[in-house]
Amino acid sequence: MLTFGRTNIIFGLALALSIVLYFFYSFPFWIFGLLLFLYSLILFYGCYYIRSGFFMPVICSLPGKNKQIVLSFDDGPHPETTGRILDILEKHKAKAVFFCIGKKVKDNPYLFKEMVNRGHLVGNHSFSHDAYFDFWSWKRMMADLKQMNDVSENTIGSKLRLFRPPYGVMNPNLKKAILRGGFVPIGWSMRSFDTRAKDKDKFLKKLNQSIAPGRIFLFHDSMEITGVVLDDFLKEVKNRGYAVVALDKALPLQPYA
């Protein structure tokens with residue numbers, strides 16, 4: 001598997017060889033630009049494709065072929081949409097994991113408590129979800145994740161171990177913050193793109209076509225359209241003989257510290 005460390009070794013050797021060939025055998029100079037372009041392309045892939053495990057292993061699906069799926073929701077809690085989603089999940093006796101933003105938890109602590117009281121897992125999705133989070137130093141990232149955990153501890157009495165990166169982006173600084181903070185990174189194997197969906201019928205059709213063993217679905221409980229289609233989606237999941245399982249029941253995880 002292609003990883004950050006292996007990529008650095010390969011391109012380091014390629015660069016050293018190119019330098020030797022350039023000085024002793026008149027190797028074309030443009031090859032250095034090509035190497036830089038290819039290196040940047042691979043880094044971009046590793047940063048934005050969380051399932052690649054390029055920087056570190058990330059849980060993105062369940063093992064095996066059992067007819068089970070996991071539902072995950074990002075960017076909440078939201079006072080106008082989260083409650084409806086919680087009610088639909090309760091109707092279907094389905095458990096999910098909510099990756100919450102600290103500043104929103106601070107504004108809506110009752111919803112955060114309600115998630116836990118109804119048997120759902122909650123995870124760390126940073127405190128700020130800042131637009132420039134991916135460019136921060138690892139120390140600033142870690143401080144932000146700790147701030148979210150402090151809010152969680154003050155609200156439900158527990159620190160969070162499950163973590164989903166803001167925007168789903170990984171990089172070396174975030175890897176260091178994750179390891180130093182003792183977090184377990186969680187990705188997804190099916191991104192619903194509910195933040196872009198406009199037509200509920202097309203959106204539901206896409207979701208139904210994506211049902212497959214072991215998939216972790218990524219939704220946003222801040223999106224109204226998610227609450228609109230969720231009931232019908234869960235009916236289809238049941239009709240196909242699938243079960244919605246809690247992440248910590250399907251995998252040997254300790255979600256809280």
* Considering the Cα trace of the stretch 68-250, what is its radius of gyration and what is Dmax, both in angstroms? -> 15.8, 47
* Ranked list, fewest to most other Cβ atoms within 10 Å of each Cβ, for Asp221, Asp201 -> Asp201, Asp221
* **Size of the stretch 153-257 as Cα extents on the principal axes (Å, biggest first)** => 43, 28, 28
* Asked: By a straight-distance test (C-alpha under 13 Å), which aspartates and glutamates pair with Lys175 as possible cross-link partners, with residues fewer than eight away in the same chain excluded?
  -> Asp134
* Which ordering of Ser40, Ser128, Ser158 is given by a fewest-first count of other beta-carbon atoms within 10 Å? -> Ser40, Ser158, Ser128
* **Value of [θ]222 nm, deg cm²/dmol, for the chain, DSSP H segments ≥ 4, -39500 (n - 2.57) each, nearest 500** => -15500 deg cm²/dmol
* Structure fact -> The Rg/Rh figure for the stretch 4-48, Cα atoms and Kirkwood Rh, to two decimals is 1.05
* Asked: Hey, can you list the DSSP H helices of the chain whose Cα span along the axis is 18 Å or longer and whose average Kyte-Doolittle score is at least -1.0?
  -> 4-25, 30-48, 138-156, 224-239
* To do: State the answer as a single residue: which of Phe98, Pro77, Tyr110 lies farthest towards the positive end of the charge dipole of the stretch 32-112, with beta carbon charges of +1 for Lys and Arg and -1 for Asp and Glu, about the Cα centre.
  => Phe98
* Structure fact -> The local net charge around Val228, scoring Lys/Arg +1 and Asp/Glu -1 for residues other than Val228 whose Cβ lies under 15 Å from its Cβ, equals -1
* Structure fact -> Ranked from fewest to most other Cβ atoms within 10 Å of their own Cβ, His120, His129 fall in the order His129, His120
* Asked: In whole percent, what relative contact order does the stretch 68-250 give with Cα contacts below 8 Å and a gap of six or more residues?
  -> 33 percent
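Stick to Cα atoms and the Kirkwood definition of Rh, then tell me Rg/Rh for the stretch 113-177. Kindly include the intermediate steps, with their values, before the conclusion.
Numbers: Rg = 12.3 Å, Rh = 12.3 Å.
That ratio equals 1.00.
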* Rg/Rh for the stretch 1-92: what does it come to with C-alpha atoms and Rh from Kirkwood? -> 1.29
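Kindly provide the GluC sites (Glu not before Pro) of the stretch 73-133 that DSSP labels as loop, not H, G, I, E or B, and whose Cβ sees at most 11 other Cβ atoms within 10 Å.
Values: sites: Glu80, Glu90, Glu114; in loops: Glu80.
Here the sparse-neighbourhood loop sites are Glu80.
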* Asked: Toward the positive end of the charge dipole of the stretch 184-226, about the Cα centre and with charges on Cβ (Lys, Arg +1; Asp, Glu -1), which of Ala212, Trp188, Thr226 goes farthest?
  -> Ala212
* Structure fact -> Quick shape check on the stretch 21-161: root eigenvalues a ≥ b ≥ c of the Cα gyration tensor, a/c under 1.5 is rounded, otherwise prolate if a/b tops b/c, else oblate, and it reads prolate
* Which lysines does Lys235 reach when only Cα atoms under 17 Å apart count, and residues fewer than 8 places away in its own chain are ignored? -> Lys67, Lys91, Lys93, Lys95, Lys200, Lys202, Lys205, Lys206
* To do: Check the straight Cα-Cα distances from Lys159 and name the aspartates and glutamates below 19 Å, setting aside those fewer than 8 residues away within the same chain.
  => Asp74, Asp75, Asp107, Glu114, Asp144, Asp150, Asp248
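All of the numbers you see were taken from the coordinates with simple rules; none came from a lab. Treat the numbers as computed from the prediction; the structure is a model and nothing was measured. Neighbour counts run over all protein chains shown; Cβ positions are idealised from the backbone, glycine included.
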